[in-house]
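Participant: Once you've had a glance at the structure underneath, I'll fire off some questions.
The values are calculated or read from the model by the stated rules, or taken from the named source; none is laboratory data. All of these numbers come straight from a predicted model, not from anything done at the bench. Cβ placement follows ideal geometry from the backbone for every residue including glycine, while neighbour counts extend to all protein chains displayed.
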Amino acid sequence: MKRRLRRRRAGEAPRQDLLGEAWAALRSSVLDSAGALAPSIRHEIYGGLPVKGAMGPFLDAVRRNPTGLGRPDVDTVKAAGHSEDEIFEATLAAALGEADRVLQAGLRVLPEP
């Protein structure tokens, strides 16, 4: 099956540039905006650094086997003293960090344009 390439309009950014801009905006929104967790903590989680306490195993599962997580896992983290907002923000940071690592690994195997 042949792929049809759409021509760029004058002044239009290449698609990969638009993806990069959208990814950067998403990353900034998740990691740098005001929230229950300090941005520095969200950056550490995004980077895959180990987290102590009940949140650590939970975030490892978010990165490695998110479909295996359920309400009891969230309840365990809540019982350790974390708010739902903290859990949500940490989950987003961990998932986005893992997605970025997978994306970058995939891009490294592509041939240079």
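Participant: Quick one: residue 77 ticks every box in (1) modelled with pLDDT of 95 or more; (2) of a type in the set (A, V, I, L, M); (3) surrounded by fewer than 13 Cβ atoms within 10 Å (Cβ to Cβ) bar one, so which box is it?
Facilitator: Here residue 77 clears every test but (3).
Participant: Only one residue in 95, 36 is farther than 30 Å from residue 112 by Cβ, modelled with pLDDT of 95 or more and aliphatic (A, V, I, L, M), so which one is that?
Facilitator: Testing whether each residue is farther than 30 Å from residue 112 by Cβ, modelled with pLDDT of 95 or more and aliphatic (A, V, I, L, M) leaves just 36.
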